[in-house]
Amino acid sequence: MIYNFDSITERRGSGSVKYDLTAKFFGKEDVLPMWVADMDFEVPDFIREAMAERMGHPIFGYTYRSEKFFETVASWLQRRHGWRIEPDNVSFSPGIVPALNMCVMEFTAPGDRIVVQPPVYFPFFSAVANHGRELMYNRLLETNGRYEIDFGHLESLFRSGAKMLLLCHPHNPVGRVWTRDELEELARLAVQYGVLVISDEIHSDLMLFGNRHIPLASLGKDVADLTLTCIAPSKTFNLAGLSTSLVITTNPVLKKRYEKMLDAVHVGGGNIFGQVALEAAYTHGDEWLDQLILYLESNYQLLYGHFREHVPEMVISPLEATYLVWLDLSFLNMHDDALKDFVISRARLGLNDGPMFGPGGAQHQRMNIATPAAILMEGIGRLSKAVNERH
Ligand SMILES: Cc1ncc(COP(=O)(O)O)c(C=O)c1O
């Protein structure tokens with residue numbers, strides 16, 4: 001079956017953060033929203049039909065997750081990423097950010113040092129700081145828009161007593177897919193210094209241009225023993241509003257402690273529709289996802305070609321995964337506040353402002369390209385026009 005990603009669905013009035021809160025966040029109604037990381041594509045039929053079938057039963061009381069739920073997750077990971085786990089290695093979370101917070105609370109103590117690698121998805125910072133733990137930055141190294149891990153500095157942070165690393169894999173917002181060599185080096189250091197790794201792999205299904213996702217915990221027992229992996233169908237199938245995510249570990253001690261925390265804060269119940277949607281997505285979603293990936297690749301190529309021609313000075317980070325493009329606008333020589341205002345007022349775009357991603361984020365903007373090509377063209381056209389008419 002051929003799926004249509006070109007059709008435009010009106011999202012205004014649907015309670016959408018991206019569309020309905022534009023004026024609140026950008027102070028203007030007429031910005032084109034290309035910020036929050038969800039997609040403008042409709043959830044595929046086979047997921048909506050499964051949800052509608054459950055809706056047909058008129059009672060939505062407390063439910064539990066069946067064995068099939070966990071088997072479906074294991075089978076998806078095996079099929080998509082060649083990672084063999086047992087259904088019993090899988091735990092529930094109402095979201096990945098809640099999982100990061102619960103892991104920080106359960107596995108570290110106030111004052112402990114936790115490493116993050118900015119520029120990175122901003123809730124990584126609050127997941128540490130909100131609980132009185134100390135943030136340690138291992139800034140990514142950048143060359144011409146391509147980012148790498150600074151292993152020398154990472155080792156010095158581990159040696160100086162860091163307890164945990166929050167890994168973003170693939171990395172939002174810089175679009176990197178960490179390679180086997182990079183992951184092996186990271187695993188080696190984590191094992192050597194006994195650092196627990198929370199590997200946020202929420203974007204791992206969205207591999208572009210032939211890149212392959214290697215789950216950190218799939219590298220071997222040593223590293224698996226100190227890793228909790230976070231995944232979800234929310235980015236992949238546009239289900240973020242259903243609050244259904246997963247935490248995976250093959251270490252039974254970590255699993256027990258994670259689930260103890262999940263019970264303590266009492267958020268393990270979940271959402272019946274999220275459960276049904278997850279099972280349908282992970283059972284029937286391969287073909288739809290393969291087509292989505294082709295569409296996202298084509299969108300990135302449209303963006304890249306357009307900006308190369310019209311804004312050749314702008315450095316665009318190579319997009320290896322995700323649908324979030326990291327744009328370096330430092331050639332405009334504006335202060336960060338002026339740049340933010342320029343994007344909102346002159347380009348009339350709602351993007352994510354680089355500084356929110358921490359050190360290394362200045363002078364950058366993040367653009368969400370998971371939208372029909374016509375909307376994408378409108379957005380990139382607005383930016384190039386504003387840049388070229390700025391004088
Ligand atoms: C790296 C990363 N982790 C987590 C999330 C959000 O996860 P959740 O909505 O399940 O809390 C996002 C959303 O953009 C993300 O990019």
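Listing for the model above:
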read-out: Residue in segment 354-370 that is modelled with pLDDT of 95 or more, β-branched (Val, Ile, Thr), within 25 Å of ARG11 (Cα to Cα) and touching a strand residue (DSSP E or B) at 6+ places or on another chain (Cβ under 6 Å) present; value: yes
read-out: Yes/no for ASN172 being of a type in the set (S, T, N, Q) and away from the ligand (no atom under 16 Å from the Cβ); value: no
read-out: Residues of segment 145-162 classified as in a loop (DSSP other than H, G, I, E, B) and out of contact with any Ser or Thr (no Cβ under 9 Å at 6 or more places or on another chain), total; value: 5
read-out: Condition check for PHE25: under 25 Å from PRO372 (Cβ atoms), in a helix (DSSP H, G or I) and within 16 Å of the ligand (Cβ to nearest atom); value: yes
read-out: Test for VAL276: is it modelled with pLDDT of 95 or more, out of contact with any Gly (no Cβ under 8 Å at 6 or more places or on another chain) and away from the ligand (no atom under 15 Å from the Cβ); value: yes
read-out: Residues within segment 233-260 that are assigned to a loop (DSSP other than H, G, I, E, B) and farther than 21 Å from LEU216 by Cβ, tallied; value: 4
read-out: Filter pass, VAL253 being assigned by TED's automatic domain parsing to the domain that holds LEU189, in contact (Cβ under 8 Å) with a residue 12 or more places away in the chain and of a type in the set (Val, Ile, Thr); value: no
read-out: Failed criterion for GLU320 (all others in (1) of a type in the set (Asp, Glu); (2) over 29 Å from THR72 (Cα atoms); (3) surrounded by 15 or more Cβ atoms within 10 Å (Cβ to Cβ) hold); value: (2)
read-out: Subset tally (residues that are more than 19 Å from VAL247 (Cβ to Cβ) and within 12 Å of the ligand (Cβ to nearest atom)) for segment 90-118; value: 1
read-out: Odd one out for ILE248, checked against (1) within 12 Å of the ligand (Cβ to nearest atom); (2) surrounded by 23 or more Cβ atoms within 10 Å (Cβ to Cβ); (3) more than 22 Å from ILE293 (Cβ to Cβ); value: (1)
read-out: Test result for PRO98, buried (at least 17 other Cβ atoms within 10 Å of the Cβ) and in a helix (DSSP H, G or I); value: yes
read-out: Counted residues, segment 37-74 - those being outside any loop (DSSP other than H, G, I, E, B) and either loosely packed, with under 14 Cβ neighbours inside 10 Å or of a type in the set (Lys, Arg) (or both); value: 8
read-out: Flag for TRP83 being within 16 Å of the ligand (Cβ to nearest atom), part of a loop (DSSP other than H, G, I, E, B), of a type in the set (Phe, Trp, Tyr) and in contact (Cβ under 8 Å) with a residue 24 or more places away in the chain; value: no
read-out: Selection within segment 76-87 - within 20 Å of ALA277 (Cα to Cα) and surrounded by fewer than 14 Cβ atoms within 10 Å (Cβ to Cβ); value: GLN78, ARG79
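Each row is one residue, and each column tells you yes or no for (1) under 24 Å from THR249 (Cβ atoms); (2) among the β-branched types (Val, Ile, Thr).
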position	(1), (2)
PRO110	yes, no
VAL120	yes, yes
PHE125	yes, no
VAL128	yes, yes
MET136	yes, no
THR143	no, yes
MET164	yes, no
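The values are calculated or read from the model by the stated rules, or taken from the named source; none is laboratory data. The model shown is predicted, which means the values in this text are computed figures rather than measured ones. Quick reminder, even Gly has a Cβ in these numbers, built from the backbone with ideal geometry, and neighbours come from all protein chains shown.
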